[in-house]
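J.: Before we start, here is the structure in question, set down as structure tokens.
Here, each number is a calculation from the coordinates, and none is a lab measurement. No experiment lies behind these values; they were computed from the predicted model shown. Neighbour counts run over all protein chains shown; Cβ positions are idealised from the backbone, glycine included.
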Amino acid sequence: MVAKKTEIEQTIEADETTYTARDIQVLEGLEAVRRRPGMYIGSTDQRGLHHLVYEIVDNSVDEAMAGFANRIEITIQKDAKVTVRDNGRGIPVDVHPRTGRSALETVMTVLHAGGKFGGGGYKVSGGLHGVGASVVNALSSWVCVDVHRDGKIYRQQYERGKPIGDLEVVGKTQDTGTTTVFLADTDIFGDLDYNFDTLAQRFREVAYLTKSLKITFKDERDPSGKDELTFYFEGGIVSFVRHLNKNRGVVHSKPIYVEKQVNGTSVEIALQYNDGFAESVFSFANCINTVDGGTHMTGFRSGLTRVLNDYGRRSKLLKEDDANLAGEDVREGLTALISVRLAEPQFEGQTKAKLGNAEVKNQVESALVEGLTFYLDENPSEGKKIIEKCVTAARAREAARKARDLVIRKSALEGTTLPGKLADCSEKDASRCELYLVEGDSAGGSAKQGRDRRFQAILPLRGKILNVERARPDKMLGHEEIRAIITAVGAGVGTSFDLARLRYHRIIIMTDADVDGSHIRTLLLTFFFRHMVSLIDAGHLYIAQPPLYRIQNGKEHNWVYSDREKDQLIASFGRSKNVSIQRYKGLGEMNPQQLWDTTMDPVKRTVLQVSVEDAVKADEVFDMLMGDAVPPRKNFIQAHAKSVKNLDI
């Protein structure tokens, strides 16, 4: 028997199933940007906040690349306003024929409006989408643009993307250029916490990539006035390569430089081999750091392998029975910059992480083949050093392959519980599993007892692992603790690393809160950055945050994770005499239940996700901290000594 629906039930059903034009929401103007900011700037955290600055600066850089500007000034004011000033042509202010408003207002308030589409305003540009200025406007509580042009100073102001007045003339001038001042919206970004060093690194890269462009960056939030830098490099990307290799021994004294125009695309390449083992190759398109590479990177790699194999054969440095050099052989110890400029770049997404133009691969490859072949023929002694470096790398690769195969075979023979000290979890779905890399057997024992065995695996590490920054891959794979990590993670290592084979989607580094713990954590981060970087890029690597203190007030106890939190808590107790403070220097000082409650319980714990925001800067830092050169490391320690708190030795 079917019960008859009441009138109310029929009405509810109609409301749930009817889908008409009235249900389609139309977001006017820049409202869509404010509603979904992540679609345009990637995120609303500090990275997204910095992206606002990059968008405005990139517009000024486009003027410099077009030959109309040679100076950019960026200032972070005390009230968190950001000023970007250039001496370019100035944004046009005449009436736009389609919108009926000034070109300036059109650029600032209409998505996909700009001078970078038809090719008339710019031959090459980093801001190809035409959304940069308008997105910054939409995500700012206040914006003011001054245009110096045609002997006049024009000004218009905006609030949350909307003009608060007409374009007006506010003065006379002999100069040209654009000055943009914006205050990011705290409703979207929260605290406006700009990081001086992160922004400075980006501006340094831009100056390297744009010869004779002077960039001045000042942070007025620093009362000492020390945070002011000027970047200017006549040598361009050759200077960039020298900068990256400054702490490394080099195989050949001068970087090799290739420059060529190929079918309207400008190709610049600078490369130099060093005596290290890491590959430091970075690509840029129209001054945008394409962190995920793209067709220009593919063309560079294929061209490099082809040229060195051909030269090695012609010069008899590679014997007839020798196998060809592989791509990883010719890139070991290589520092290189690839910079292309093209009229119609095809980036993947607004954050422009990868270049997709198919034609660029052949353009870069042909330019490199011609330029590098000429260099090697003209400099046979340098060519010999490079080939010998690559041949040594090939031999080490073969030794590493045998060691890797041994690790894989051993894993297959001994089952999924390898390595023996790994306490695995029962869950088989990798997306639900996590692996703790724990410092020491004592802490490992507590972690094994305190964990949730269903989804948490524990791998205790004995002592400090090998510093892979100073070791060849074959030596690295011969290290017992590193082999244990590779086997436990289950996805291979280096070029054979495959995320699809990952056994745990959360790899969590858990070390003591002292000097040794920090060193072990740094050694592990170096290993993952150099040999499993895609694990980091995919968001699978984390750092556990164990408590620093256990503070007891009478029968009540609290776990505290920072000194600031400790001071606030003690102050809240007033003049209580029953306060006791226990400082934890090691994980082994906590019993299994305490370790679970504070550091391993997903409901209560705090973990930091590891990410690589700037690959160039990360490469420099790991080389400086973990490489062979001592003076740069000493200088770094001396410069930052006063910033260290609670140094436990």
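J.: Short version: ³J(HN,Hα) in whole Hz for each residue of the range 171-188, in order, from phi by Karplus 6.51 cos²θ - 1.76 cosθ + 1.60 (θ = phi - 60°), x for Gly and Pro, what are they?
T.: These are the phi-based 3J(HN,Hα) values: x, 10, 7, 9, 9, 10, x, 10, 10, 10, 10, 9, 10, 4, 7, 5, 5, 9 Hz.
J.: A 24 angstrom limit on the alpha carbon distance is what I want to check against. Which of Lys421/Lys475; Lys566/Lys604; Lys402/Lys428; Lys319/Lys475 exceed it?
T.: Correct reply: Lys402/Lys428; Lys319/Lys475.
J.: Where the only charges are on Cβ atoms (+1 Lys, Arg; -1 Asp, Glu), what is the dipole of the range 31-231 about its Cα centre, to the nearest 20 debye?
T.: Numbers: 26 positive and 28 negative charges, 112 e Å.
The calculation lands at about 540 debye.
J.: Same structure, new question: What is the order of Thr210, Thr230, Thr106, Thr198, fewest Cβ neighbours within 10 Å to most?
T.: Going from sparsest to densest Cβ surroundings: Thr230, Thr198, Thr106, Thr210.
J.: Toward the positive end of the charge dipole of the range 31-231, about the Cα centre and with charges on Cβ (Lys, Arg +1; Asp, Glu -1), which of Phe68, Tyr154, Val169 goes farthest?
T.: Phe68
J.: Shape call for the chain from the C-alpha gyration tensor, a ≥ b ≥ c root eigenvalues: rounded (a/c under 1.5), prolate (a/b greater than b/c) or oblate?
T.: Since a/c reaches 1.5 but b/c is at least a/b, the shape of the chain is classed as oblate.
J.: For Leu368, Leu548, what's the fewest-to-most ordering of other Cβ within 10 Å of each Cβ?
T.: Details: Leu368 26, Leu548 18.
Fewest-to-most Cβ neighbours within 10 Å comes out as Leu548, Leu368.
J.: Just from the alpha-carbon atoms, what are the Rg and Dmax of the range 31-231 in angstroms?
T.: Looking at the range 31-231, its Cα Rg and Dmax stand at 15.9, 49 Å.
J.: Okay, next question. Would you work out which of Gly303, Thr526, Cys433 lies farthest towards the positive end of the dipole of the chain? Charges go on Cβ: Lys and Arg +1, Asp and Glu -1.
T.: My answer, from the dipole projection, is Thr526.
J.: Only loop residues by DSSP count here, and only those with at most 10 other Cβ atoms within 10 Å; note down the trypsin sites (Lys or Arg not before Pro) in the range 268-326 that meet that.
T.: Numbers: sites: Arg301, Arg306, Arg313, Arg314, Lys316, Lys319; in loops: Lys316, Lys319.
Hits after loop and neighbour filter: Lys316, Lys319.
J.: A follow-up question, please. Tell me whether the range 211-292 comes out rounded, prolate or oblate; compute the Cα gyration tensor, take square roots of the eigenvalues as a ≥ b ≥ c, and use a/c under 1.5 as the rounded threshold.
T.: Values: a/c = 2.17, a/b = 1.39, b/c = 1.57.
Verdict is oblate for the range 211-292.
J.: Sticking with this one: Using Cα-Cα distances under 8 Å and only pairs 6 or more residues apart, what relative contact order does the range 237-395 have, in percent?
T.: Details: 288 pairs, mean separation 51.8, N = 159.
Here the relative contact order equals 33 percent.
J.: May I ask you to sort Glu388, Glu332 by Cβ crowding, counting other Cβ atoms within 10 Å and putting the fewest first? Walk me through the numbers on the way to the answer.
T.: Values: Glu388 13, Glu332 22.
In increasing order of surrounding Cβ atoms, one gets Glu388, Glu332.
J.: Shifting gears a bit: Taking only the alpha-carbon positions of the range 448-572 and ignoring solvent, what does the Debye formula give for the base-10 log of I(q)/I(0) at q = 0.13, 0.15 Å⁻¹?
T.: Values returned for q = 0.13, 0.15 Å⁻¹ are -0.64, -0.79.
J.: Okay, moving on. What dipole magnitude, in Debye to the nearest 20, does the chain give about its Cα centre under +1 on Lys/Arg Cβ and -1 on Asp/Glu Cβ? Before the final figure, lay out each step's value.
T.: On the way: 88 positive and 90 negative charges, 286 e Å.
Value, rounded to 20: 1380 debye.
J.: Which cross-chain or sequence-distant (5 or more) residues have an amide H under 5 Å from the amide H of Val281, H modelled 1.01 Å from N in plane?
T.: For Val281, whose amide H was placed from the backbone, the distant partners under 5 Å are Ala336.
J.: Roughly how many Å is it from the Cα centre of the range 507-570 to that of the range 261-338, as a whole number?
T.: Spelled out, the Cα-based centre of one part sits 38 Å from the other.
J.: Continuing with this model, one more query. Can you order the peptides 323-329, 241-247 by their average number of other Cβ atoms within 10 Å per residue, highest first? Kindly include the intermediate steps, with their values, before the conclusion.
T.: Values: 323-329: 16.4, 241-247: 19.4.
Ranked by mean Cβ neighbours within 10 Å, highest first: 241-247, 323-329.
J.: Considering only Ser496, Gly517, Ile485, whose Cα is most displaced toward the positive end of the charge dipole of the range 483-524, charges sitting on Cβ of Lys, Arg (+1) and Asp, Glu (-1)?
T.: Ser496
J.: At 222 nm, what value in deg cm²/dmol follows for the chain if DSSP H runs of at least 4 each add -39500 (n - 2.57) and the sum is divided by all its residues, to the nearest 500?
T.: The helix-only estimate for the chain comes to -11500 deg cm²/dmol at 222 nm.
J.: Another question, then. For Asn70, what residues show an amide H to amide H distance below 5 Å, using hydrogens built from the backbone and excluding near sequence neighbours?
T.: Those lying under 5 Å, H to H, from Asn70 are Asn87.
J.: Next question, about the same structure. Using only the Cα atoms of the range 126-207, what do you get for the radius of gyration and for Dmax, in Å?
T.: 14.9, 40
J.: Would you kindly work out the equivalent ellipsoid of the range 237-395 from its C-alpha gyration tensor and give its semi-axes, the square roots of five times the eigenvalues, largest first in whole Å? Intermediate values should be presented prior to the final figure.
T.: Details: eigenvalues 139, 55, 40 Å².
Equivalent ellipsoid of the range 237-395: 26, 17, 14 Å, largest first.
J.: Can you run phi through the Karplus equation (6.51, -1.76, 1.60; θ = phi - 60°) for the range 497-510 and list ³J(HN,Hα) in whole Hz, with x for Gly and Pro?
T.: 5, 9, 4, 5, 9, 4, 8, 9, 8, 10, 9, 10, 7, 10
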